[in-house]
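The values are calculated or read from the model by the stated rules, or taken from the named source; none is laboratory data. Since we're looking at a predicted model, the values are computed, not measured. Reconstructed Cβ throughout: ideal geometry from the backbone, glycine too, with neighbour counts over all protein chains shown.
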Amino acid sequence: MAVAAVADTSTDEHAPRGAGARRPAPFVRWGLATHLVVTALVVGGIVWRLGGAFAYVLDDPAIHLSMADRLVHDATWGVTPGEFQSASSSPAWTTLLAGATLVAGPVVHVVPLALNVAAGVAVVLLLGRAPQVLRPARDRPADATATVVLVAVVLFLPGLAVVGMEHTLHVALALALVLGAHRWVVDPPGPPVAAVAGLAALATLVRFETTFVALGLAVGLLVAGGRAQTRRAVALAGASGAAVAGFAVANRAAGGGWLPNSVLAKGQATGASADGLGPVDVTLRLTHDRVLLALLLVAVLHLVLTGCRSRTALPAVALVVAAALHAALADVGWYERYQAYLVALGVYVLLGVLAEAPRHLRTRLLWAVAGLGLVLGAVKANLLVKAPLAADDMYRQQYHAALFLERYYEGEPVATDQLGYISWFHGGPITDFAGLGDREVLERDGEPRAELWADLARERGFRVVVLYDLAAGFDVPEDWILAGTWRIDGEPVTGVSDSIVFFATTPEEVEPLQRHLRAFEADMPARSHLELDENAELRAYALALEEGDAAG
């Protein structure tokens, strides 16, 4: 209801499109067809590559699925029954998945995909309410090409769908927020302040970066001037800030930090990433996505040339402010998802700028948009093509490692640096060396890893550890014994390495671990193989003797 309220617009070409249209605009029809067809092709490629199975291109969606499952069945906010862990970066998305878990049953694995497809539809519909400069048709190839490129490559909606996380929903809510605030300026009186402020709070609980957008809109409203706009600016900033503060207080009261573990671990102003606040670091993040950089330059140039007095000034100011805050405090990349909402705001600004351009130049400008979208979005286009290979990485490594632990170590404590599918499939205590699902690990991040991991093994009693070989490196305690390695064929796309390793933390666990690995070998997926460490039992025997001598 709130999204519908803030998205209602007029039919003026230079203002967002409203409910007066009798049928969907050509952009909407072509945009929806592009989104659905390309997504279907990508998903079909994944299912074909995985021999009928489905996996996401990253391991992270399973963290949210695991937490949703725990919330429904154990009333626990975390990945281990009865143990609070703020492992989700999106409290609203996890809650939404928990509700879906109650009704989805055996197909819950594809719920994130379905929600992302639906959110992608909402994104296209919302952009269809932007200034109508794109009218794709068979006899308008520039419009058609630009629409396809914007939806599939620039907005990256099919790619975000198979990421399986909250980013597409965040894009839709951020767009609806901007459209609602924009109407206050171009089509007064616009939607109720309470509706837009409520949307700001909801979007913030989907992704905390919404605060950047709310602050950007607040700055834009203040630039527009007037007491009414000042009150609205305060309402937006206050609603988003209240959502962050409310979560922080609740999370802290439950035993977590002021923000989710993942935000504390990955944010540029927190944890181990707090040293990335220099001007060079911020600039590199800002220029990582060339599509975003180009859209940002369009917004800045437009503001300079128009003196912040155009109909597109508000969303342009919001984009500039939000992008600057994001580059300073958040991350970019990792399957081009973190900055997706900024790119969508940039597309909205671009459509507004094109609407104000001379009509006789539009065809040329649209060809330029399509060409630059393909060139600057080459990374995204490449990720779309390689999505089946990326999903195959996750399927052959994390997915099957989780099945292995579920089969042989169900209910027992284990440790890993890959929380996703392992936390979802394996029932039992989990030590997360990445800290996303383990606040103690996060708080002890400055300690030498070998000592920390050894302490955790003694305190928590896990006997089996699953890691990427690169994560193991020189950090594994000396008395842990490598039992075996799983290797996948080919260069990984989203996998950190082509190998995951299995360690026994005690000499007694080496023989059963190798036996279980050998038994599971028949169920390993295609294009992967097991390499048992031939010296493992000998090393276990030697360590057992050393421990016996020390005890004697």
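Observations on the model:
- Breaking point among (1) touching a helix residue (DSSP H, G or I) at 6+ places or on another chain (Cβ under 6 Å); (2) closer than 22 Å to Trp453 by Cα; (3) among the aliphatic types (A, V, I, L, M), for Leu513: (1)
- Within the range 27-44, not a single residue is at pLDDT below 95, touching a helix residue (DSSP H, G or I) at 6+ places or on another chain (Cβ under 9 Å), hydroxyl-bearing (Ser, Thr, Tyr) and not in a loop (DSSP other than H, G, I, E, B).
- Number of the exception - Ala327 against (1) more than 16 Å from Asp281 (Cα to Cα); (2) in a helix (DSSP H, G or I): (1)
- Selected residue (criterion: farthest from the chain's Cα centre (by Cα)) from residues of the range 201-238 that are among the aliphatic types (A, V, I, L, M) and buried (at least 24 other Cβ atoms within 10 Å of the Cβ): Leu221
- Residue among Asp438, Asp432, Asp498, Asp469 that alone is closer than 30 Å to Thr94 by Cβ, touching a strand residue (DSSP E or B) at 6+ places or on another chain (Cβ under 6 Å) and of a type outside the set (Lys, Arg): Asp438
- Residues of the range 512-547 classified as among the hydroxyl-bearing types (Ser, Thr, Tyr) and over 35 Å from the mean Cα position of the chain (by Cα), total: 1
- Residues of the range 74-93 classified as under 17 Å from Gly427 (Cβ atoms), touching a residue at least 60 places away in the same chain (Cβ under 8 Å) and aliphatic (A, V, I, L, M), total: 2
- Verdict on Arg29 being of a type in the set (Lys, Arg) and under 28 Å from Glu336 (Cβ atoms): yes
- Being assigned by TED's automatic domain parsing to the domain that holds Asp69 and buried (at least 23 other Cβ atoms within 10 Å of the Cβ) is a property that Leu113 lacks.
- Single residue of the range 429-460 satisfying the filter (in contact (Cβ under 8 Å) with a residue 12 or more places away in the chain, part of a helix (DSSP H, G or I) and among the hydrophobic types (A, V, I, L, M, F, W, C)) that is surrounded by the most Cβ atoms within 10 Å (Cβ to Cβ): Trp453
- The range 45-80, subset among the aromatic types (Phe, Trp, Tyr) and at pLDDT 95 or above, residue nearest to Ala146 (Cα to Cα): Tyr56
- A Cβ distance below 9 Å, combined with a sequence gap of six or more or placement on separate chains, defines the contacts here; from the range 191-209, residues that are in contact (Cβ under 8 Å) with a residue 40 or more places away in the chain reach residues that are hydrophobic (A, V, I, L, M, F, W, C) and assigned to a loop (DSSP other than H, G, I, E, B) in the pairs Ala195/Met1; Phe208/Leu259; Phe208/Ala330; Glu209/Ala330.
- If the condition is being surrounded by 18 or more Cβ atoms within 10 Å (Cβ to Cβ) and free of Cβ contacts under 8 Å to residues at least 24 places away in the same chain, then the range 30-73 contributes only Arg70.
- Look at the range 272-291: where a residue is modelled with pLDDT of 75 or more and a partner is charged (D, E, K, R), sitting 6+ places away or on another chain with Cβ atoms under 8 Å, you get Arg285/Asp331; Asp289/Glu336; Val291/Lys380.
- With respect to the conditions (1) buried (at least 20 other Cβ atoms within 10 Å of the Cβ); (2) modelled with pLDDT of 95 or more; (3) not hydrophobic (A, V, I, L, M, F, W, C), Gly198 falls short on a single one, namely (1).
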